[in-house]
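Before any comments, here is the structure.
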Amino acid sequence: MVSSTAAAGSLGGGGRAGGVLPLASLNHISIVCRSVEASLDFYAGVLGFVPIRRPGSFDFDGAWLFNYGIGIHLLQSEDPRRLPDKTEINPKDNHISFQCESMAAVERRLKEMGIPYVQRCVEEGGINVDQIFFHDPDGFMIEICNCDNLPVIPLAGDRAAPPVLGACKRAAAAAVVTSKHQQQQSGAAGVPSATTPAAAVTAAAAQCVPSAAPIRVAEEAHISCA
């Protein structure tokens with residue numbers, strides 16, 4: 001086994017001498033929680049993640065979920081009483097962010113479920129980005145936004161923008177899994193599926209191509225940047 005010190009030293013210069021790590025995409029985030037059951041209910045019932053099989057060789061409690069091209073790995077805390085008790089929703093705290101189709105629908109659903117949240121709006125060059133922040137059962141913050149309104153622009157003098165092919169492959173793979181599941185359900189019901197795996201891959205790949213301008217979808221107003 002190579003020690004972390006030796007590995008770090010071999011990179012040199014903060015890891016830049018030999019180039020960046022050959023990464024492909026974000027695989028999962030891991031969250032330590034007081035109660036795996038409560039967190040599982042939140043990430044599945046509120047955020048729409050799907051529980052998936054977890055390696056049986058693990059000798060500690062936890063759960064895995066997957067959706068939107070990424071995984072959520074829940075880990076049962078060894079001492080739940082020592083986890084920080086966060087009540088204030090601070091948008092500058094550590095968080096994970098999800099793009100959504102309708103901010104108004106998200107806000108309406110949070111109200112129906114009685115989940116406290118705060119809103120923020122960012123204005124940049126005439127483009128408005130709406131944000132909603134709320135906590136999971138352990139105080140880890142979740143953001144829902146329409147951040148895709150903002151173009152991704154590399155800083156001047158920086159390296160060329162990294163390729164998005166890794167993320168596209170992962171999105172396409174997730175689309176195939178979803179399409180096959182839909183086909184199985186349709187087949188069981190005797191109804192042909194309208195979406196084939198090939199069509200799902202094409203649709204997923206199309207979403208990886210950046211557009212020249214942000215796409216605006218009309219929806220009811222719910223927040224003001226004023």
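If I compute solvent accessible area with a 1.4 Å probe over the protein chains, what percent of it on region 41-148 is carbon and sulfur? Write down the numbers at each step before the final one.
Working: 3000 of 6300 Å².
Of the solvent-accessible surface of region 41-148, carbon and sulfur hold 48 percent.
Rounded to a whole number of µm²/s, how large is the Stokes-Einstein D of region 74-142 at 4 °C and 1.567 mPa s, given Rh as the Kirkwood radius over C-alpha pairs? Can you show the working numbers first?
Numbers: Rh = 13.8 Å.
Using the Kirkwood radius from Cα pairs, D works out to 94 µm²/s.
With θ taken as phi - 60° and the coefficients 6.51, -1.76 and 1.60, list the Karplus ³J(HN,Hα) couplings across region 109-117 in order, rounded to whole Hz; mark glycine and proline as x.
Values per residue, Gly and Pro as x: 5, 4, 5, 5, 8, x, 9, x, 8 Hz.
Amide H neighbours of L47 under 5 Å, counting only residues 5+ apart in sequence or on other chains, H built in-plane at 1.01 Å?
none
If R0 is 35 Å, what FRET efficiency do you get for S57 and I115 from their C-beta distance, rounded to 0.05? Walk me through the numbers before you get to the answer.
Details: r = 35 Å, r/R0 = 1.01.
That pair, S57 with I115, gives E of 0.50.
Please list 3J(HN,Hα) in residue order for region 138-146, calculated via the Karplus relation 6.51 cos²θ - 1.76 cosθ + 1.60 where θ = phi - 60°; whole Hz, with x for glycine and proline.
9, x, 6, 8, 10, 10, 10, 8, 10
Please sort 148-154, 88-94, 131-137, 65-71 by packing, taking for each peptide the average over its residues of neighbouring beta carbons within 10 angstrom, highest first.
Working: 148-154: 12.6, 88-94: 11.0, 131-137: 19.9, 65-71: 17.1.
Ranking the peptides 148-154, 88-94, 131-137, 65-71 by packing returns 131-137, 65-71, 148-154, 88-94.
For labels at L75 and D93 in the simple 7 Å Cα→Cβ model, what's the distance in nm?
Taking the two extended label points, one gets 2.0 nm.
Using a Förster distance of 25 Å, how high is the FRET efficiency between L150 and L83, based on the Cβ-Cβ distance and rounded to 0.05? All intermediate terms of the calculation are to be shown ahead of the outcome.
On the way: r = 33 Å, r/R0 = 1.34.
Efficiency, from the Cβ-Cβ distance: 0.15.
Can you give me the Kirkwood hydrodynamic radius for region 20-80, using every pair of distinct Cα atoms, in Å to one decimal? Please report the intermediate quantities before stating the final value.
Working: mean 1/r = 0.0810 Å⁻¹.
The Cα-based Kirkwood calculation yields 12.4 Å.
The values are calculated or read from the model by the stated rules, or taken from the named source; none is laboratory data. Here the structure is a predicted model, which is why all the values come from computation and not from measurement. FYI the Cβ positions are ideal-geometry reconstructions off the backbone, even for glycines, and counts take in every protein chain you see. Just the protein is used for accessible areas: all its heavy atoms, side chains included, with ligands, DNA and RNA removed. Shrake-Rupley method; radii C 1.70, N 1.55, O 1.52, S 1.80 Å.
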